[in-house]
1. Please give every one of the aspartates and glutamates within straight-line cross-link reach of A:Lys534, meaning a C-alpha to C-alpha distance under 12 Å, and leave out same-chain neighbours fewer than 8 residues apart.
2. A:Val522 to A:Val432: FRET efficiency via 1/(1 + (r/R0)^6), r the Cβ-Cβ distance, R0 22 Å, to the nearest 0.05?
3. Treating the angle as unsigned and between 0 and 90°, give the value, to the nearest 10°, between the Cα long axis of helix A:142-160 and the longest Cα principal axis of chain A.
4. In degrees, nearest 10, range 0 to 90: what is the angle between the Cα axis of helix A:4-21 and the longest Cα principal axis of chain A?
5. Using the Kirkwood formula on the Cα atoms of the protein assembly as shown, what hydrodynamic radius do you get, in angstrom to one decimal?
6. Using a/c under 1.5 as the rounded threshold, could you call region B:5-94 rounded, prolate or oblate? The axes a ≥ b ≥ c are square roots of the C-alpha gyration tensor eigenvalues, and prolate needs a/b larger than b/c, oblate otherwise.
7. With a point put 7 Å past each Cα toward its Cβ, work out how far A:Val574 is from A:Ala551 in nm, to one decimal.
8. Determine the calculated [θ] at 222 nm for chain A from helices alone, applying -39500 (n - 2.57) to every DSSP H run no shorter than 4 residues and normalising by the residue count; nearest 500 deg cm²/dmol.
Amino acid sequence: MEYSVLILLLPFLSFIALGLLGTKLKPVVAGSIGTAVLGICALLAYATAATYFSMPRMDGVREAITLFTVEWLRFTDTLSIELGILLDPISVMMLVVITTVSLMVHIYSLGYMHGERGFQRYYSFLSLFTFSMLGLVVATNIFQMYIFWELVGVSSYLLIGFYYTKPEAVAASKKAFIVTRFADLGFLIGILILSYYTNTFSFDVLNAGDASLFSKAAGTTFMGCSVMSWAMALIFMGGAGKSAMFPLHIWLPDAMEGPTPVSALIHAATMVVAGVYLVARLFPVYSMETPEVLVLIAVVGAFTALYAAVVACVQTDIKRVLAFSTISQIGFMMVSLGVSGMGGHEGLGYMASMFHLFTHAMFKALLFLCAGAIIHAVHSNEMSHMGGLRKYMPVTHVTFLIACLAIAGIPPFSGFFSKDEILAATFEFSPVLGVVMSFIAGLTAFYMFRLYYNIFWGEESRHEHTPHEAPKSMTMPLVFLAAVTVVAGFIPFGHFVSSDGTAYTIHLNWAVAGASVVVAVVAIAIATALYRKKSPVPDRMAAAMPGLHHAAFRRFYMDELYLFITKRIIFNCVSRPIAWFDRHVIDGFFNGLAYLSQRASYAVRVIQSGQVQQYAYVILLGTVVIAALVLWLL
Amino acid sequence: MEIHMEYYLVISTIMFFAGIYGFITRRNLLAILISIELILNSVDMNFVVFNRYLFPEQMEGLFFSLFAIGISACETAVAIAIIINIYRNIRNIQAKNLNQLKD
């Protein structure tokens, strides 16, 4: 399986090539190179997955393989940073997800970005992102993960700000970078604490289940919690930033300013689940050493899922709805990890989370790509400018409907299976949480079908020109992803991925499954009644609770709260005095020094007149003085 | 009447300090050049006088002064060339105006 290295290297080379030669290549050539490279990567990833999953289990457990590792940085005899490739069930699964979605996005972009300025730049950034994301999932140690973690942050920043002439896009890219970077600060501190106490970065060692490794950290307490809990909570903070968990979610809705395929790839399918992946990667540590942090993760995830689902119900921008839906679904995955235990049936939540990650990547990428096709057709993001599109865009309509059914959890689409496992795991952990999550699942179905009916049904709005179906390069990925969405639910996922690597057979919990289907159907029925034809009821409902509606529309004033905290409190109370001190005391001291030496040199420069006669005069005087001295003294 | 060595030395000292005075006080480049020539000539005279009175059987002082005269002629030629160029450029040979290289 040594060829797996190529999966990483090829996108990197493609990034270098397209980045350096970009402007010299024709856009079509650049796009084809990027797409072809990704195609090869995808094939290699499938081959890797086939080889890995067909290997015999060791004692019933799928073992992790470290393909190769290079020492990159050595601090002390015991602590060094390595770079390498680690293959285990979740990293192989992620390889497949990333290369598949990325390939689809590459193909789709050939049509969507056609004729855009900076087409080559776009493809080189896509390659950079794919490279970084792949490097992130195959990291052998937490520090390598951190390096690639920052790299995906950079490529996300570059791609959100792709339309750099648009002020909103520039602001959004900055916001995304700063918010995630702030969260990554927590991540870094967490890594440092963890490695300080355990003397290792390696996932192999950390996940080996050796409790003595953590005894030093667990024994030390800081502000009432063990240092171990702090470290793991801080690491989760990094994950929460990337995965847009409340309250660090504010960057994701704005990130929709980027090109739509980018939203599909980065902000729906791959990068935003990096946080989930991080928790899953360190899951044995979370589960064995710090179960209280897992509870925190579950609570944060559940709250985020609820919050984002409520906000998604009232947004009018199609991509914003999808963004909040993504936040909500990632909340589901976090909850699922949070309620999970290790091994066997206890590990159901872990398996469900990874399963949902897989299916969600497919159908959410599909939703975004459909949204791209719709935006391509009507040149607007606003739902009110759409309506009645089903006649004009049959392929987009059907694939969008499939994705909506999947995310709503209607059998036999993939979302049903994964979401059902999550709900089952949640009910086993706590019935209250289970009910809450079921309610959120209902909300999901409701807002997705609100979106669906507003776009494809309802009143036809005036279009500048008749909307038309997207070109082949755009519909092909849609059909492919729709096909995956239909069949992915039947994959015996537990045989591939489970918390302890043993085979786990998924049994549908019929009580939970039935209940969740009923909830979804009821929610869809409500959405149908409200939005299929134009009806005054939604407006009247909004008017009945103006406070709630407006608050939800403004995303519960989270952005305003952030602005208040940063601008009013931090700027005025912290930054301004520091800036004053810097400007007046520190700069003042050195400016004063410079002023003094300048004045002194002005005083002295008269001597350096450059007039030889003056020098000669001084020499003469000096000679006379010396002569006089010699005469007197001798 | 015998001419004593001191007479020569007094003359050369007067010439030397007249040269120094002129070098320091004159503002015209040509005057400065003339002052330098005065200084050089006073020194040449000293060489010849010391050679003549103190070591009459030797010739070093005479030859040395011949060399010095030759070199000072070259130096004058170069200096005149520079002064002519300066004059062509700034139409002026006052030393206080020559500050283009300073800043």
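Read-outs throughout are calculated quantities, based only on the coordinates presented, and are distinct from any laboratory measurement. Please read all numbers here as calculations on a predicted model, not as lab measurements. Cβ atoms come from the backbone with ideal geometry, glycine included; neighbour counts cover every protein chain shown.
1. A:Glu459, A:Glu460
2. On the way: r = 20 Å, r/R0 = 0.93.
Working from the Cβ atoms, E equals 0.60.
3. 80
4. 60
5. Working: mean 1/r = 0.0322 Å⁻¹.
Its Kirkwood hydrodynamic radius stands at 31.0 Å.
6. Values: a/c = 6.83, a/b = 1.95, b/c = 3.51.
In terms of gyration-tensor shape, oblate.
7. 2.7
8. -22500 deg cm²/dmol
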